[in-house]
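**Q** Dumping the structure here so I can ask a few things about it.
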Amino acid sequence: SSFSDTNITSCNSYIWNGVSYTSSGIYSRLFLNSYGCDSIANLNLTINYSPSITLISNNVSCYAGNDGYIDITINGGVQPYNILWNNNETTEDIYNLSSGSYSVIVTDSNLCSSTISEVITQPNLIDTSLSISICSWDNFTVGNSSYNTTGSFQDTLTALNGCDSIVNLNLNVFN
């Protein structure tokens with residue numbers, strides 16, 4: 001009979017001869033070679049576990065804003081961690097985010113990695129269009145602006161949620 005020893009280090013799991021292993025240990029298999037003789041293969045397996053990532057996020061408060069954030073917590077693995085976000089940030093938490101999709105890869109010192117993604121959203125633009133007709137002796141008021149001539153006007157107001165609200169006015173004044 002013959003012997004072979006193999007030392008392997010892997011992240012999370014390792015497949016050897018069609019069997020998936022998730023724990024460190026010494027594993028042996030008995031084979032018959034082409035001559036019908038026994039052959040023993042030993043696997044000395046070290047499994048390192050990837051860090052786990054959890055997150056808390058906050059969406060953008062106003063349309064086209066950039067006050068979103070993602071706060072991650074990393075557990076497990078072996079420090080130090082290498083952190084890389086898809087926006088090239090390398091800090092654990094990222095701030096001043098606009099709406100979009102963000103993902104992070106955390107790699108530990110054993111080169112085991114985990115990834116997590118989050119979508120930061122924003123509220124819809126508060127946009128109102130008005131077509132108004134008035135008589136020549138009248139005025140139409142939007143916010144602090146008062147109009148009495150035919151034309152198109154745009155005003156930006158502050159909505160109840162503190163965000164900008166756009167009012168597009170098409171005003172027709174009859175004589």
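The values are calculated or read from the model by the stated rules, or taken from the named source; none is laboratory data. For clarity, every value in this text was computed on a predicted model and none was experimentally measured. Because the Cβ atoms are built from the backbone with ideal geometry, glycine has one as well, and the counts that use them run over all protein chains shown. Keep in mind that these areas ignore ligands, DNA and RNA; they rest on the heavy atoms of the full protein, side chains included. Shrake-Rupley method; radii C 1.70, N 1.55, O 1.52, S 1.80 Å.
**Q** Looking at the calculated P(r) for the stretch 1-64, what percent of the C-alpha pair distances fall above 13 Å?
**A** 72 percent
**Q** Moving on. So if the hydrodynamic radius of the stretch 81-120 is defined as the Kirkwood radius over C-alpha pairs, what does Stokes-Einstein give as its diffusion coefficient at 37 °C and 0.692 mPa s, in µm² per second?
**A** 310 µm²/s
**Q** For the stretch 28-175, report the accessible area per residue in Å² (1.4 Å probe, heavy atoms, rounded to an integer).
**A** 61 Å²
**Q** Just for the Cα atoms in the stretch 74-142, what are the lengths along the principal axes, largest first, rounded to whole Å?
**A** Projected onto its principal axes, the Cα set of the stretch 74-142 covers 79, 18, 14 Å.
**Q** Output wanted: per-residue J couplings in Hz (rounded whole) for the stretch 35-44, from phi through Karplus 6.51 cos²θ - 1.76 cosθ + 1.60, θ = phi - 60°, x for Gly and Pro.
**A** For the stretch 35-44, the Karplus curve yields 9, x, 8, 5, 9, 10, 10, 10, 10, 9 Hz.
**Q** If each residue of separation counts as 0.36 nm, what is the full-extension length gain between N144 and N75 once their alpha-carbon separation is subtracted? Please list the in-between numbers first.
**A** Numbers: separation 69, 0.36 × 69 = 24.84 nm, distance 5.40 nm.
Length gained, N144 through N75: 19.4 nm.
**Q** Provide Rg over Rh for the stretch 11-114; use the alpha carbon set for both Rg and the Kirkwood Rh (inverse mean inverse pair distance).
**A** 1.27
**Q** OK, next. Tally Lys and Arg at +1 and Asp and Glu at -1 over the other residues with C-beta under 13 Å from the C-beta of S146: what net charge comes out? Each step should come with its number before you reach the end.
**A** Details: positive: none; negative: D138, D155.
Net local charge, S146 excluded: -2.
**Q** Here's a follow-up. What are the residues whose amide H is under 5 Å from the amide H of T150, where those residues sit 5 or more places off or on another chain and H is modelled from the backbone?
**A** Close amide H contacts, sequence-distant or interchain: V173.
**Q** Say the dipole of the chain comes from +1 at the beta carbon of Lys and Arg and -1 at that of Asp and Glu; which of I134, G18, V106 then lies farthest toward its positive end?
**A** Among I134, G18, V106, the one farthest towards the positive end of the dipole of the chain is G18.
**Q** Give me the base-10 log of I(q)/I(0) for the chain at each q in 0.18 Å⁻¹, Debye formula, one uniform scatterer per Cα, rounded to two decimals.
**A** The computed values of log10 I(q)/I(0) come out as -1.07.
**Q** Round to a whole number: what % of the accessible area of the stretch 45-175 belongs to carbon and sulfur, probe 1.4 Å? Walk me through the numbers on the way to the answer.
**A** Numbers: 3660 of 7870 Å².
Carbon plus sulfur share of accessible area: 47 percent.
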